[in-house]
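Worksheet: one structure, shown below.
The values are calculated or read from the model by the stated rules, or taken from the named source; none is laboratory data. Everything numeric here is computed off the predicted structure, so don't read it as measured data. Please note: Cβ atoms are built from the backbone with ideal geometry, for glycine as well, and neighbour counts cover all protein chains shown.
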């Protein structure tokens with residue numbers, strides 16, 4: 001049986017190494033600390049072993065490759081002996097020992113082996129089997145009796161205290177995760193030297209009995225008794241029941257959420273059609289951001305957008321819009337931790353697919369939150385990507401004043417590149433037309449600068465959807481509704497057009513937002529082409 005158990009432990013170790021070498025994702029360390037009760041079982045619980053319940057303390061760590069771990073555990077448990085010894089002596093010799101032994105079984109151990117983990121949401125179950133070494137101290141229990149002013153030994157229980165024995169342990173650990181890294185555990189394991197080694201002990205006593213049945217063993221009965229010496233061994237085994245904590249370091253948690261959740265139906269919007277809010281063909285940011293050393297890897301994560309509210313029955317009388325000094329002032333964040341995290345990842349997701357019109361409001365809502373310092377940086381990048389170079393530069397300067405992390409230089413280089421791209425895209429280039437000048441002797445080409453005729457228009461984009469013929473009666477009362485097909489996203493933009501100045505457009509923008517289109521914004525067109533967007537939701 002001993003060889004079978006050893007072979008099983010070796011096989012489990014090999015399995016953990018093989019599974020770990022094939023694991024590609026989740027590797028982490030799990031530390032545990034625990035304390036509780038120790039209960040002797042089997043031969044260790046026999047009366048003449050003087051082992052009672054006691055206390056146990058332990059701890060260790062496992063390195064996990066997905067659900068297979070391998071680690072080391074160590075600890076100490078003791079089993080109280082004196083009370084059982086006193087009761088045994090009283091039952092055998094009709095009196096209690098006068099001396100205090102203050103002895104107990106003491107076991108120290110260090111074990112290593114595999115662990116298998118099952119996860120059920122916030123609950124986890126670890127099954128483990130470990131083997132190693134233990135040092136077991138046998139108590140030295142003595143009952144002496146005085147005869148003629150001299151002390152004679154009547155009963156002694158003792159054993160070797162310094163030998164190391166092989167031991168093994170197996171059991172289950174139930175874990176409740178309080179957070180991603182901290183958990184509470186309830187642990188039950190069986191500790192034994194069985195099949196691997198034994199504990200040697202000595203039992204020496206006088207076989208005195210109450211021959212005359214007077215309820216006391218007389219002196220003569222002690223002297224006439226035979227002294228018996230017994231040397232034996234046994235396998236120590238105990239069940240330890242513990243409570244404690246676990247800490248997991250480096251573990252990754254991935255949440256799967258819908259990429260574009262459907263919004264609630266608006267009375268003026270399309271039934272059974274997914275609303276895609278505010279999408280544009282804005283210029284792409286650096287195409288190889290994630291490849292070169294020192295640059296940022298912006299992950300693609302899940303997106304989120306606000307639901308469109310139901311349209312109000314009638315339009316209220318609105319005050320003229322006061323145009324702010326900066327268009328993008330954001331209030332302090334009032335989101336809880338989960339909502340803020342989801343909003344930031346939504347912005348990253350939109351940004352990663354060059355959907356800057358949707359990324360901008362996400363970062364705008366978090367740029368004042370100290371827990372997300374890079375939201376202001378991503379907000380500045382989004383502004384530059386949409387053509388607002390000066391606004392983006394101002395936001396970046398505010399960000400750079402307070403951001404002192406080690407990657408600040410890398411972020412500066414990336415922003416400088418995007419700002420330069422933005423500035424070049426917005427620069428008005430002079431068109432040069434060749435004119436031919438005739439001469440009696442020769443022909444020379446003369447260049448003359450011709451200024452193009454510039455027409456500028458402002459539009460309010462209030463929604464972008466996949467249906468080309470939607471009607472919005474409420475919005476139509478405000479102005480002229482137009483549609484514009486956006487081929488990159490296969491959606492139709494719906495806008496209010498015909499504004500010659502930004503003040504009139506800003507007044508109607510407030511009306512449209514009051515009707516439920518809270519992410520509506522103003523788009524600037526030059527010669528029929530969109531060149532910029534302003535007044536996004538604050």
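Annotations for the structure displayed:
- Residue 72 vs. criteria over 22 Å from residue 134 (Cα atoms) and either touching a strand residue (DSSP E or B) at 6+ places or on another chain (Cβ under 9 Å) or outside the structural domain of residue 119 (by TED's automatic domain parsing) (or both): no
To keep it simple, each residue is scored yes or no on (1) over 45 Å from the mean Cα position of the chain (by Cα); (2) part of a loop (DSSP other than H, G, I, E, B); (3) crowded, with 21+ Cβ neighbours inside 10 Å.
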residue: 463; (1), (2), (3): no, no, yes
residue: 467; (1), (2), (3): no, yes, no
residue: 475; (1), (2), (3): no, no, yes
residue: 485; (1), (2), (3): no, no, no
residue: 493; (1), (2), (3): no, no, yes
residue: 498; (1), (2), (3): yes, no, no
residue: 518; (1), (2), (3): no, yes, no
residue: 523; (1), (2), (3): no, no, yes
residue: 531; (1), (2), (3): no, no, no
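- Taking segment 126-175 as the range and being outside any strand (DSSP E or B) and either outside the structural domain of residue 227 (by TED's automatic domain parsing) or within 30 Å of residue 219 (Cα to Cα) (or both) as the test, the residues that pass are 139, 140, 148, 149.
- Hey, residue 20 at pLDDT 95 or above, crowded, with 17+ Cβ neighbours inside 10 Å and assigned by TED's automatic domain parsing to the domain that holds residue 231 or not: no
- Only a single criterion out of (1) closer than 28 Å to residue 524 by Cβ; (2) assigned to a helix (DSSP H, G or I); (3) at pLDDT below 85 is not satisfied by residue 413, namely (1).
- Selection count where residues are surrounded by 12 or more Cβ atoms within 10 Å (Cβ to Cβ) and either in contact with a helix residue (DSSP H, G or I) (Cβ under 9 Å, 6 or more places away or on another chain) or part of a loop (DSSP other than H, G, I, E, B) (or both), scope segment 223-239: 6
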